[in-house]
1. Label Y131 and A248 with points 7 Å out from Cα along Cα→Cβ: what is the distance between them in nm?
2. Go ahead and collect, in residue order, the members of the range 398-418 whose backbone nitrogen is under 15 Å from a label point 7 Å along the Cα-Cβ direction of S165.
3. Near K205, which lysines are there with a Cα under 24 Å away, not counting those fewer than 8 places off in the same chain?
4. Roughly how many whole Å is it from the C-alpha centroid of the range 52-94 to that of the range 25-50?
5. Within the range 55-162, how many lysine pairs that are 8 or more places apart, or on different chains, have C-alpha atoms less than 23 Å apart?
6. May I ask for the percentage of alpha-carbon pairs in the chain that lie more than 35 Å from each other?
7. Quick one: Kirkwood hydrodynamic radius for the range 67-107, alpha-carbon pairs, angstrom, one decimal?
8. With θ set to phi - 60° and the Karplus curve 6.51 cos²θ - 1.76 cosθ + 1.60, what are the ³J(HN,Hα) couplings of the range 177-193 in order, to the nearest whole Hz, using x for Gly and Pro?
Amino acid sequence: MATRIKGRNRRPIDREVVLDMLAQRTPDYSLEQAFYNDQDLFDIDMEGIFSQQWLFAGLTCEIPKKGNYLTLDIGDNGIIIVRGDDDTVYAHHNTCRHRGSKICLEHRGKVAKLVCPYHQWTYNTDGQLIYAGQEMGIDFDKTKFSLKPVHCRTAGGYIYISLASSAPPPIDDFLVDMAHYLEPYDLENAKVAVESVMIEEANWKLVIENNRECYHCDASHPELLGSLLEWDDTHDPRASEEFKALVAEKQLLWHEDNIPYEHKSAYGNRNRIVRMPLKMGVHSMTMDGKVACKKLLGRIKSPDLGSMRILHLPNSWSHALGDHIIAFQVIPLGPQLTKVVTKWLVHKDAAEGVDYDPVNLRKVWDATNDQDRILGENNQLGVNSQAYTPGPYSKTFEFGVINFVDWYAETLQNHLSI
Ligand code: FES
Ligand SMILES: [Fe+2]
């Protein structure tokens, strides 16, 4: 990956330089080039955003039984998320307290105890060291060598972690909303029917910016536009009278079934939940608009639930439909490299080949993800040019991008100013 522009004399990018650039940025314009392609700035993002903020880490239904675990890597930091013997979801640093070996080497698994592969130090699922062999001597105090904990919270079946070494940012309000809005779906009794991992050669902020607007949808997303109505607010100046009438009609139905739909925001622009109808007569994000899974989630009786859109900055968005949920996770890998993981969730008792066809389930978002990857990679290539200078966002079509960039700039500024 090219991360430096050869021959260019420039100041090394440190904390002061970033603070200067953020202070001088033009509001409602894209960021300076270095924010999208520079290794120093990427390191600052990883330290100031991804090692501090709450991150969407996975779903509780992925670790349904005691001892089930999943792992993920945020930069150099490996993390184990495990369902403990007491049913609590724990997150630990995946680093042995003996000499630091990684402990869980697989992406998923099931264990009775967490055993380090190097010298077999053994930890309970809650992180306590319970065995270190005779070699450490009889005076060895195991209580001092528990796995280092990672902040971990769950709500509505979603798992969030924070690598903050002290108090993480607040999240309680959002978790209350998530529990309420996801209650109809009963995600503890769901399963991941399909998972895709896409590597995009673009900075993580370009990936999120692309997701935060539908200015590009008409030209690029024919499959998605079979179901999606791009407005997510009846106050959107572009929203038609027909759209407003459709929202009012569906809200009456949702209200009767006690399905939450009202717009909720928490912590400024960081978290957002809203339910919006899909196109008239469409029940799911599928090629034909029909449900992809016959067995509906949780207590849902009618598949006509539109799409509940959940945003969690910096690394996740979801669409919760009547028959399935699509959850997206963004993991930065380098200044110009990002992993996008997509999970399609259905009822845990839905039978593949009977209730759903995985090929049909994933079709619209596989196509959309790939279209977005190409847009993001082209965006990165153009941003890398010496001709790139920050450009203006549309306040009408790209307000979501403005919200994201403002949140990013303010969050990083606050972190660097401490
Ligand atoms: S490094 Fe884990 S037991 Fe030695
Ligand atoms: Fe897109």
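No value in this document is a laboratory result; all are computed from the given coordinates. As the structure is a prediction and not an experimental result, all values here were calculated from the model. Glycine also receives a Cβ, built like all others from the backbone with ideal geometry; neighbour counts cover every protein chain displayed.
1. 6.8
2. 416, 418
3. K6, K264, K339, K343, K395
4. 28
5. 17
6. On the way: 27521 of 87153 pairs.
For the chain, the share of Cα pairs beyond 35 Å comes to 32 percent.
7. Numbers: mean 1/r = 0.0948 Å⁻¹.
When all Cα pairs of the range 67-107 are included, the Kirkwood radius is 10.5 Å.
8. 4, 4, 4, 5, 6, 9, 3, x, 8, 6, 5, 5, 10, 10, 8, 7, 7
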